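A quick write-up on the structure given underneath.
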Amino acid sequence: MMARPGSGVMVSVNGLGYPPQNLARVVVWEWLNEHGRWRPYSAAVCHHIENVLKGDARGTVVLGQVDPQLVPYIIDLQSMHQFRQDTGTMRPVQRNFYEPSSAPGKGVVWEWENDNGSWTPYDMEICVTIQNAYEKQHPWLDLTSLGFCYLIDFNSMAQTNRQSQRKRRLRRRMDLAYPLIMGSIPKSQSWPVGASSGQPCSCQQCILVNSTRAASNAILASQRRKVYGGAPGAPAGTGTLTIVRQSNTFAGTSLWSPNSGAGSNNNNIGAGGGGHGKAEQVGATSPGANFPRSPALPALPPAHALTINGQNNLNRPGTQRVSMGTARGAIPPGVPALPVKNLTGSGPVHPALAGMTGILMCAAGLPVCLTRAPKPILHPPPINKSDMKPVPGVNGIRRKTKKKHLRRGKNPEDVVRRYTEKIKVVPDEDCTICMERLVTSSGYEGVLNHKGIKPELVGKLGKCGHMYHLLCLVAMYNNGNKDGSLQCPTCKAIYGEKTGTQPPGKMEYHVIPHCLPGYPESKTIRIVYDIPAGIQTTEHPNPGKKFSARGFPRHCYLPDNEKGRKVLKLLIMAWDRRLIFTIGTSSTTGESDTVVWNEIHHKTEFGSNLTGHGYPDPNYLDNVLTELSAQGVGEDNLKD
């Protein structure tokens, strides 16, 4: 793949691709979609893949560990393919390099608004080009040179289709920067690698990966038999040679060499585009026809029959499509196609097993109908503002938290004395804060000095009755949010009104005229949270340092019924107490100093539950009520 001048794209070398030595480059992993376009994984996923690659260049990457929406997917680094476990679908992946000053190096993402009202990122090459024009302050950008009849207008932030004149909004947002690498990296090995030493792992993940490789071997072996003369004993002159056109991921040679096929001048040669499902038939009247030349393919030993020119055949996108098409075409008329069902996990057979069955059937020449995997429905259909109604029984449609709303700390001694009783007869047990015996002085003696609270004084919390050194409770309070509340470290009982460290932002809520799965009789409450990036204050982990806010505005959904409205009222209360979000380290991306959820789960998937964050989920409302209660926001706080 050659880079366009000034595009910031580096050359992709082989499947994994490696930059020159001592050269810093940004890494972007991409997958090939059904239209032959390379689509980038998110920066968080790319960081995850790179981390696995460092540990084992021939290993397996479980994408669901970093992105819940990618739970069904794994990447096999040896074959450079993404495998969907519930359907058996395999797609090529590649590793591309970009300049550190380009869009992925800065964490810049350009997106266009689709028909569902959600945002779709551009291909990385287009994103880099748009960012370059944006930085040079060009008023517009024509994407014709990249193969798209679109005009980008930076003044109106719109994309116009030159043919239909349809306009779509576009936006530029900041996200996590893609991983940066430097220096020499060991060369990749083509797959399959020689026999491994030791006993194979028997975990489910390794069994699945090994089964995937075995099935892939069967597919390619089946195709190779068809390519080199079909069935054993067939006349050499009647063989059919199939050429799969090289995809732009791999440089140098074609997959099959015309010179390598046994046969005469009457062979039929089919050339199939790497990213397309159909094959073009072209006639060849002599061995010297104008086709891409590559070194003649020698006879390969069985152990290496799948590796050609240092690259495994699975790395060529068209291979599987030609194989499946040939297999179906060989079935006699009248024989019904056998569908592989349960790819969505609805039956007794495990989805991964159903997917693997489909691959093996395909390799055996049996017709297979693989159902298309469902996609998560994150947002409802487009809604006019006039269709958005206030939630019955809930005042207003918006809540804001500003800096002036942040509460100042209260005197620690007063807070501790308010919720404790002094103990005259002290039991001989541990204080679970300082781990010293209650009959001795607090472990904070000499560390904290507070007038009126001696280190040997012991107090009992009023509700739960757990006992601690009073000085230890003061130390615990000083180490918290200092909001006038106490939380028992043993049973988590809350005394007073607990508040959090949520940064300033906005919460909106309204009813939309659509139903959630599992609630056909109810409309839907939509909650929209929006928190901008900012500077951390003294209550945050790193005061004075910037914090990021990824993925905002965030849309969440509740059924518009009695219990759903009760949950909304408590969520509003939790928002006012700054308990919905906090600043910390993201459990999915590993990014620190960013806005994250604060142990109160929300449903962010509107029309499905593929990610686990949607509906139907009959237990969700009860679960979230329990989570709110654990934060001190219970139903007893609601006013009648």
Check your understanding: Where in region 443-467 does the amide nitrogen come within less than 18 Å of the point 7 Å from the Cα of K422, taken along Cα to Cβ?
Key -> 450-462, 467
Revision key, fill the gap. Scoring only Lys, Arg, Asp and Glu (+1, +1, -1, -1) among other residues with Cβ under 10 Å from the Cβ of E436 yields -1
Check your understanding: So how far, in whole Å, is the C-alpha centre of region 474-490 from the one of region 423-472?
Key -> 14
Review point. Relative to the present Cα-Cα distance, how much length would full extension add between S587 and N623 at 0.36 nm per residue of separation?
Key: 10.9 nm
**Study point:** For region 129-145, 3J(HN,Hα) per residue [Karplus equation, 6.51 cos²θ - 1.76 cosθ + 1.60, θ = phi - 60°, Hz, x = Gly/Pro]
**Key:** 5, 5, 5, 4, 5, 5, 5, 7, 6, 6, x, 8, 9, 9, 8, 4, 5
**Study point:** Set of aspartates and glutamates with alpha-carbon distance to K454 below 19 Å, sequence-local pairs under 8 removed
**Key:** E413, D414, E421, D428, E429, D430, E436, E445
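Would you please classify the overall shape of region 488-569 from the alpha carbon gyration tensor, given that a ≥ b ≥ c denote the square roots of the eigenvalues, rounded means a/c under 1.5, and beyond that prolate means a/b larger than b/c while oblate covers the rest?
On the way: a/c = 3.38, a/b = 1.53, b/c = 2.21.
Here region 488-569 falls in the oblate category.
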Exercise for review: Could you work out how far apart the two model spin labels at H514 and D56 are, taking each label as a point 7 Å from the Cα in the direction of the beta carbon, and quote it in nm?
Suggested key: 4.1
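What ranking of W31, W597 comes out by heavy-atom accessible area, probe 1.4 Å, highest first?
Values: W31 65, W597 85 Å².
Largest accessible area first, the list is W597, W31.
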Check your understanding: Where does each of K563, K498, K389 land when they are ordered by accessible area, with a 1.4 Å probe and the largest first?
Key -> K389, K563, K498
Review point. Among the aspartates and glutamates, which fall within straight-line cross-link reach of K546, defined as a Cα-Cα distance under 16 Å, with same-chain neighbours fewer than 8 residues apart omitted?
Key: D175, E591, D593
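List, in the order given, every pair from K422/K463; K463/K566; K167/K523 whose Cα-Cα distance in the structure shown is over 22 Å. Walk me through the numbers on the way to the answer.
On the way: K422/K463 14 Å; K463/K566 26 Å; K167/K523 31 Å.
Pairs exceeding 22 Å: K463/K566; K167/K523.
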Exercise for review: Report the extension gain between D414 and T490 in nm, rounded to one decimal, defined as 0.36 nm multiplied by the number of residues separating them, less their alpha carbon distance.
Suggested key: 25.2 nm
Point to revise | N449 versus N481: modelled label distance in nm, points set 7 Å from Cα along the beta carbon direction | key: 3.2
**Study point:** Efficiency of FRET between K463 and Q65 - r from beta-carbon atoms, R0 30 angstrom, step 0.05
**Key:** 0.15
Practice item. Would you please give the residues with an amide H less than 5 Å from that of K603, counting only those at least 5 places away or on a separate chain, with H modeled from the backbone geometry? Key: Y557
Revision key, fill the gap. Amide H contacts under 5 Å for V458, restricted to residues at least 5 apart in sequence or on another chain and with H modeled in the peptide plane, are I423, L470
Point to revise | By accessible area with a 1.4 Å probe, ligands and nucleic acids excluded, highest first: order of M476, M507 | key: M476, M507
Review point. Each label point is 7 Å from the Cα along the Cα-to-Cβ direction; what then is the distance between the points at N384 and E456, in nm?
Key: 7.8
Practice item. Subtract the Cα-Cα distance of R171 and T538 from 0.36 nm times their separation in residues, and report this length gain in nm to one decimal. Key: 128.8 nm
**Study point:** Positive-end residue, region 568-621 charge dipole about Cα centroid, Cβ charges, pick of S587, H602, L571
**Key:** L571
Review point. Where in region 34-64 is the amide nitrogen less than 12 Å from a point lying 7 Å along the Cα-to-Cβ axis of K375?
Key: 34-35
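The values are calculated or read from the model by the stated rules, or taken from the named source; none is laboratory data. Please read these numbers as outputs of a predicted model, since none were measured by experiment. For neighbour counting, all protein chains shown are included, and Cβ atoms are generated from backbone atoms with ideal geometry for every residue, glycine included. Each accessible area value is taken on the protein alone, full model and side chains, heavy atoms only, with ligands, DNA and RNA left out. Shrake-Rupley method; radii C 1.70, N 1.55, O 1.52, S 1.80 Å.
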